[in-house]
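In what follows, a single structure is set out as structure tokens and then discussed.
The values are calculated or read from the model by the stated rules, or taken from the named source; none is laboratory data. Since the structure is predicted, the reported quantities are computational estimates derived from the model, not experimental observations. Cβ coordinates were reconstructed from backbone atoms using ideal geometry, including for glycine residues, and neighbour counts include every protein chain displayed. Surface accessibility is based on the protein's heavy atoms, side chains included, excluding ligands, DNA and RNA. Shrake-Rupley method; radii C 1.70, N 1.55, O 1.52, S 1.80 Å.
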Amino acid sequence: MFLIIKNLITAFLSILIIGALSSLNASYEINSSLNNELIAEYETEGSVLKDILISEYQNANNIIPNEQISILDILNSSALYASMTGESNTNADSGIIQKLIYITDKLETEGSVSVTLKLQYKFYPEGTFSTEQEVLEQRQQMIDILVPIINDKMLSSVEMLQSIQIYDTIPYFTLTLNQNNFWNLLESNGIIDIELNDLNEVSLTQSSPLIQATTSWDNAITGAGQVVAVLDTGVRKSHAFLANKVVSEACYSNAGGWGSGTSLCPGGWTSMTSSGAGVNCSTSFSACNHGTHVAGIIAGKGASFSGVAKESKIIAIQIFTNIGGQILTYTSDQTKGLERVYALRNSYSIASVNMSIGGGKHTSYCNSDSRKAIIDNLLSAGIATVIAAGNDGYTNAVSAPGCIQSAITVGATSDGGWGRTVDTVDSYSNSASMIDLLAPGSAIYSSIATSNTAYSTYQGTSMAAPQVAGAFALLKSAKNSATVAESLNALQTSGKSVTDSKNGIVKRRIKIHDATLQFGTGSITVNISPAGATSIGAKWTIDGSTWNNSGTEVTDLPIGTYSITFKSIIHSNNKKVWTTPSSQSTIISFDGDSKSLSGTYSENDKDKSLKDFNGDGKSDILFRNTSNGSTYIYTMDGSTYSGSSVKDSSGNIPKPSYSGWSTTLIF
């Protein structure tokens with residue numbers, strides 16, 4: 001009887017596996033333009049980034065043995081453990097041992113636990129490949145490693161198989177284990193790392209001018225054409241501040257249905273990508289306002305104030321779960337959300353992803369975190385992943401996933417609100433050398449989800465991170481070809497240095513307009529007419545600098561606003577005058593912008609009409625006091641006046657010889 005049941009279960013598992021793999025294969029279709037876009041990007045601006053990513057993964061892959069090994073093999077071999085982790089397997093505080101202790105503790109108290117497993121595979125971020133075929137081959141090779149593991153002793157129950165979450169682009173998978181499965185897993189070849197599918201929480205009108213967002217708008221850099229993905233508690237897209245902002249939606253909740261909570265996706269689904277999927281969770285939970293507040297900071301647009309990149313759009317991805325009344329997010333749901341952003345990279349010009357979430361304390365980079373692989377995929381596609389540093393007030397640590405080295409980690413400063421000193425690191429903000437940038441995080445006013453017109457003031461690194469995510473959108477709207485590394489470098493080198501009084505660490509608070517000046521340039525050309533004016537010296541200048549001839553192109557002008565003025569010239573005929581064109585203003589608003597203007601001088605006869613100020617039919621003399629600008633009139637017949645204003649303080653009519661006066665004779 002046992003054998004019959006076992007065979008039935010095995011057959012059922014096989015059917016489920018085939019169905020799962022068929023579903024996976026459907027996701028392998030890649031936009032045919034991917035290869036050309038990647039080649040163009042890396043041939044121009046991204047070669048350094050590509051080299052860094054390849055070098056990093058070559059170094060990591062060099063320590064992965066060719067023969068298949070298990071986690072127990074790594075634990076039992078001092079040399080193998082040291083080469084793969086950089087630690088000693090006799091050190092009880094080492095990373096992998098601590099993870100195993102944590103997982104076994106959870107198993108003892110809860111009976112089952114959701115974990116994420118790393119396959120033994122030499123993985124490279126997909127953007128580092130030159131051809132689409134290489135991308136497809138890597139994805140297939142990861143499946144080829146996974147299938148034997150699934151068919152082996154690990155998956156001894158239908159329930160376990162149903163709990164599997166397979167990722168499309170990275171060498172990881174997530175499932176739920178009990179104590180028996182856990183020990184089988186440790187000795188399964190082809191799996192080299194494990195981590196708990198952990199839970200993170202949210203990291204809870206003066207900032208926009210402070211970070212120079214408004215200056216960027218004045219220079220036509222508004223984020224137009226750029227999209228920012230918000231992985232959070234969902235977005236109230238009907239809010240007036242976010243009208244017509246959301247272009248794509250998704251929801252991933254409760255670890256694919258195998259978490260310990262209740263899904264917050266519409267209708268109780270655990271995975272959706274349809275319209276309405278990214279709506280905010282119920283505001284009966286105050287944390288469900290968080291995503292709408294974050295989205296407003298990035299892209300909100302109002303009559304009196306706006307978000308950082310006010311013309312950008314939003315991809316709204318809800319990734320939170322109700323865990324016993326607390327709103328938390330699983331690592332696996334975050335990874336699914338990031339993979340969704342990566343899948344949309346050819347549908348939208350995605351500048352950045354914002355993740356205002358975090359948990360734990362990390363005093364060094366956590367590059368073994370499973371989320372690093374998909375963050376690196378996004379990085380290789382030119383998309384920055386911006387993450388809050390956390391609000392625990394640590395002086396030597398940040399939370400995860402902000403501890404991932406290839407993410408952009410953001411700490412919080414004050415913008416002067418609530419009576420705090422401007423440009424000081426806020427006491428709640430985690431602080432460490434791992435932080436990449438600072439941005440205002442206190443007293444930030446933005447939209448919330450309780451109604452279509454509701455706003456509130458929040459504080460936290462959650463509010464600082466979206467300002468940086470919006471900054472990346474503004475920089476990309478200035479220079480669409482800008483790589484993540486270029487934009488980060490521009491923000492770091494142009495920002496204001498701020499010293500954290502808690503630890504003396506100095507980081508840069510973003511100044512967006514100054515950053516755009518570092519890599520965006522354009523040109524201005526002005527054509528002057530008519531030929532008669534240009535032949536006697538008609539010229540134009542930018543901001544009062546060098547005079548330029550008609551048709552001259554002035555290049556290498558940084559992004560910004562420029563004033564064009566024209567030179568006054570004297571007509572060769574003393575009976576005529578050249579009237580100079582009015583000044584003009586123009587904006588270099590993005591890298592490569594080219595402006596062409598024109599100025600026309602008008603030729604006129606000199607005005608010989610009679611200037612009769614007192615109406616006696618005779619031309620008069622106008623006097624002006626050059627010391628104070630007062631004007632008086634002397635009439636030609638000396639007998640008719642138009643009031644006391646034409647007299648001096650003694651009641652006399654001023655004469656041309658009068659000391660302190662100059663005369664202008666009007667023809």
| query | When each pair of different Cα atoms in region 506-589 is counted once in the 1/r mean, what is the Kirkwood radius in angstroms, to one decimal? | reply | 14.8 Å
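Would you work out what percent of the accessible area of region 469-572, with all protein chains in place, is carbon or sulfur (probe 1.4 Å)? Working shown, then result.
Details: 2000 of 4160 Å².
Reported share for carbon and sulfur atoms: 48 percent.
Compute and list, largest first, the equivalent-ellipsoid semi-axes of region 231-307 from the alpha carbon gyration tensor, each √(5λ) rounded to a whole angstrom.
25, 13, 9
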| query | Using 7 Å Cα-to-Cβ label points, what is the Ser523/Glu108 separation (nm, one decimal)? | reply | 7.3 nm
| said: Could you report the accessible area of Asp426 in Å², rounded to 10, computed with a 1.4 Å probe on the protein chains as they sit in the structure? | reply: 10 Å²
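Would you mind checking the pairs Lys122/Lys372; Lys237/Lys476; Lys237/Lys310; Lys245/Lys476 and listing those with alpha carbons more than 21 angstrom apart?
Numbers: Lys122/Lys372 14 Å; Lys237/Lys476 24 Å; Lys237/Lys310 15 Å; Lys245/Lys476 18 Å.
With Cα atoms farther than 21 Å apart: Lys237/Lys476.
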| field | Farthest toward positive dipole pole in region 369-477 [+1 Lys/Arg, -1 Asp/Glu at C-beta], among Thr409, Thr424, Gly393 | value | Thr409
| said: I'd like the distance between the alpha-carbon centres of region 525-543 and region 242-305, rounded to an integer number of Å. | reply: 57 Å
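Which percentage, to the nearest 5, of the DSSP beta bridges contained in region 221-353 is antiparallel?
Working: 8 of 22 bridges.
Roughly 35 percent of the beta bridges in region 221-353 run antiparallel, per DSSP.
Could you state the accessible area per residue of region 415-535 in Å², with a 1.4 Å probe and every protein chain left in place?
On the way: 3840 Å² over 121 residues.
Per residue, region 415-535 has 32 Å² of solvent-accessible surface.
Hey, could you get me the Stokes-Einstein D for region 359-426, Kirkwood radius over alpha-carbon pairs, 10 °C and 1.306 mPa s, rounded to whole µm² s⁻¹? If you can, show how the numbers build up before the last one.
Working: Rh = 13.1 Å.
My calculation gives 121 µm²/s for D.
Out of the total accessible area of region 377-463 (probe 1.4 Å, heavy atoms of protein only), what percent is carbon and sulfur? Please list the in-between numbers first.
Details: 950 of 2150 Å².
Taking all protein chains in place, region 377-463 shows 44 percent carbon and sulfur surface.
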| task | Pick out, in residue order, every one of the trypsin sites (Lys or Arg not before Pro) in region 448-503 that is DSSP loop and has at most 16 other C-beta atoms within 10 Å; say none if there are none. | result | Lys502
